[in-house]
Amino acid sequence: MSAEATNPGAPSRRRGRPRIDLRRLGRAALLGPVSRGGLSDAIGHVAEAHRAHHPDADLAVLHKAYVLAETSHRGQMRKSGEPYITHPLAVTLILAELGAETTTLTASLLHDTVEDTEVTLDQVREQFGAEVCFLVDGVTKLEKVDYGAAAEPETFRKMLVATGNDVRVMSIKLADRLHNMRTLGVMRPEKQARIAKVTRDVLIPLAERLGVQALKTELEDLVFAILHPEEYEHTRALIAADAATPDPLAAISDEVRAVLRDAGISAEVLIRPRHFVSVHRVRIKRGELRSTDFGRLLVLVGEDADCYAVLGELHTCFTPVISEFKDFIATPKFNLYQSLHTAVASPDGSVAEVLIRTHQMHKVAQAGVVALGNPYAPLEAAVSAEPAEDGERADPTRPGWLSRLLDWQESAPDPDTFWSTLRADLAQDREITVFRSDGSMLGLPAGASCVDAAYAQYGEAAHACIGARVNGRLATLSTVLGDGDSVQLLIAQDATSGPSPDWLDHARTPGARIAITGWLAAHPEGASAPAAAPRRPVAEAAAGDAVRPAGAHAVVDLPDATVRLAGCCTPVPPDAVTGFAVRGGAVTVHRDGCSAVARMRSVGRDPVGVRWRATGEVRVTLVAEAFGRPHLLADLTEAIATAGAAVVSATVEPPSEQRVRHTYTLQLPDSAGLPALMRTMRDVAGVYDVSRAAQHPATA
């Protein structure tokens, strides 16, 4: 594939200004300084872009860094045939155009010197200070491991740690990958595909989470061209054909300007073209493209309140498409993005999507964390830029999702688990906010359940979670949470309790999945939180058992053993039961037919003999399947009370195809009454089945 074929950012009437000619920069770098305010022509373009965002920036340090980079890389060439210095220059220019501050640009110019030249970190520290040295070292660490398939997990683990210490490290890495992707056409097709896949799976989602949309969208287009060349060419042809016709958004933008001018609202109205992948996605979504689908209107104003004023005028003077409205100002995205999204129809029926935001919101939308500048600047008066002894620095701008990733990556048991969970987390494109019982907020990915909330709040202490209250009502741990829900997690006091294998079916966050997997690996019996057990089985160890109390001989009782009933099968008398010894001298009891029994026997776990000892009351969980009707809950609870049982907790699942499922945890005076109770419940009108629960539900 040619370099042109992998460069979808070629200029057109809708694509913005062309890129700087890097070959000319390369020649300038080799020929030495040219008068440009004391800077060489090669670094002059970077200086101009930097001054556009930071008029008072001191350019002397950039010139000093360029001189060191140029002299140290002199004689090195890229595979494209250009002098190697063109690469750090291009990376730095990308960041300068995004508004990166001087320290980031200095480190960007030097980011390959320690890895590829004789320059040392000590020299960088001596000439440019500890902060630049810290950033260069972070980027260098990311480059020391090959991006081959076998190395990917550990590579990105290192990348994540470096990013967590300072998000500017990741910014430099993303700009580095963007320039490499722009020039990927000189490599073999198979290597292009491998690099493009890694970019697609990890770097693009990271760019999305860091909010650097300008880098993310171009990376998406470059990957699209390599991995899906036919779809890319088709999309390119559609965009080219549209560019040759009058732009229908131009007329709508004129109408919008007139409306806002008449309303006295000062605003800038621009036509913002969609990039290749965005056009492709719209085509897949709609089936065919409308003439207005190749771009969107962008309205920029001065203050937050002006955004809502613009929205009001547009919805008054045009016909709004209500389904397209989204307010990301009141509820910003997890990556700092803020904007109002809407769509309006003009009198001739043309529909235009409109983005409304302030100039500052637009800067952050394009550059994300890059636009925030030096995250440590507010702290410089109080603390040194030097990292702490453990290498960590407190970044006040670190996004919540990044803090969570840093927490669980340390717990990942192996690189493959880390890699799979990283990719799964990065695949989440939306975040929700839930409220804890103390009123504080907890950020979770969309689709997260109470299991995820438990581990996000309590860490490994969530192993003992037995249920939750969602918006004040009892709920199972499998309950999927919505944005704005309030969650109270119920934690058992039994320190030996643990999660069920079924929890993995409901866990969406890496932290939860890694913690659950680790616990289950250490406890093959897969026991869950203990059910209350008024009738306790007596454990006894037979000759040859794997676990005995100290000093035991032939057959002995274990009256002091901690005995718990497995939540996976909830045994009650007179069920035939089998016990297995677990850590701490405890014994977990399962029904004989439980799949956990067969699984533990298959791995050579020796059973511990158990028998029931009558102590009166029992607790059992029953599931009633019924056709939905009014007063069903009242009739069922009345039948339960008539049978002499007490309701400990009850859960009613939402109806599905006119069918409902009620789950009750009940206290019975004696197990002998269980069959009669189940028959009584089945006799309730609309109930077609009552069965023992396979999983102990949440209890208050």
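Coordinate-derived values only; no laboratory data. The model shown is predicted, which means the values in this text are computed figures rather than measured ones. Cβ placement follows ideal geometry from the backbone for every residue including glycine, while neighbour counts extend to all protein chains displayed.
Given the pairs LYS333/LYS363; LYS173/LYS326; LYS173/LYS197; LYS191/LYS285; LYS216/LYS333; LYS79/LYS141, which span a C-alpha to C-alpha distance of over 20 angstrom in this model?
Exceeds cut-off: LYS173/LYS326; LYS191/LYS285; LYS79/LYS141.
Ordered by the number of other Cβ atoms lying within 10 Å of each residue's own Cβ, fewest first, HIS662, HIS87, HIS315, HIS359 fall into the sequence HIS359, HIS315, HIS662, HIS87.
With r as the distance between the Cβ atoms of LYS285 and ALA446 and R0 = 22 Å, compute the FRET efficiency 1/(1 + (r/R0)^6) and round to 0.05. Mind dumping the intermediate values first?
On the way: r = 19 Å, r/R0 = 0.85.
The formula returns an efficiency of 0.75 here.
So how do THR621, THR140 line up by other beta-carbon neighbours within 10 Å, fewest first? Can you show the working numbers first?
Values: THR621 23, THR140 20.
If I rank by nearby Cβ atoms, fewest first, I get THR140, THR621.
The order of the peptides 627-637, 203-213, 189-199, 43-53 by mean Cβ neighbours within 10 Å, most packed first, is 203-213, 43-53, 189-199, 627-637. As a ratio to 2.2 N^0.38 Å, the alpha-carbon radius of gyration computed for the stretch 277-317 takes the value 1.59.
Across the stretch 358-369, coupling constants 3J(HN,Hα) worked out from phi with the 6.51/-1.76/1.60 Karplus curve, θ = phi - 60°, read 7, 4, 5, 4, 5, 4, 5, 4, 7, 10, x, 5 Hz, and Gly and Pro carry x. The distance from the alpha carbon centre of the stretch 624-650 to that of the stretch 58-106 is 73 Å, rounded to a whole number.
How big is the Rg/Rh ratio for the stretch 618-692, C-alpha atoms only, Rh by Kirkwood, two decimals? Spell out each step's value before the answer.
Values: Rg = 11.4 Å, Rh = 12.2 Å.
With Rh from the inverse mean 1/r over Cα pairs, Rg/Rh is 0.94.
In plain terms, the residue of ARG188, ARG508 with the fewest other Cβ atoms within 10 Å comes first and the most crowded comes last, giving ARG188, ARG508. Counting only the Cα atoms, the stretch 244-369 fills a convex hull of 119 Å³ per residue. Couplings for the stretch 207-218, taken from phi via the Karplus curve 6.51 cos²θ - 1.76 cosθ + 1.60 with θ = phi - 60°, read 4, 4, 6, 7, x, 8, 5, 4, 6, 4, 5, 6 Hz in order; Gly and Pro are left as x.
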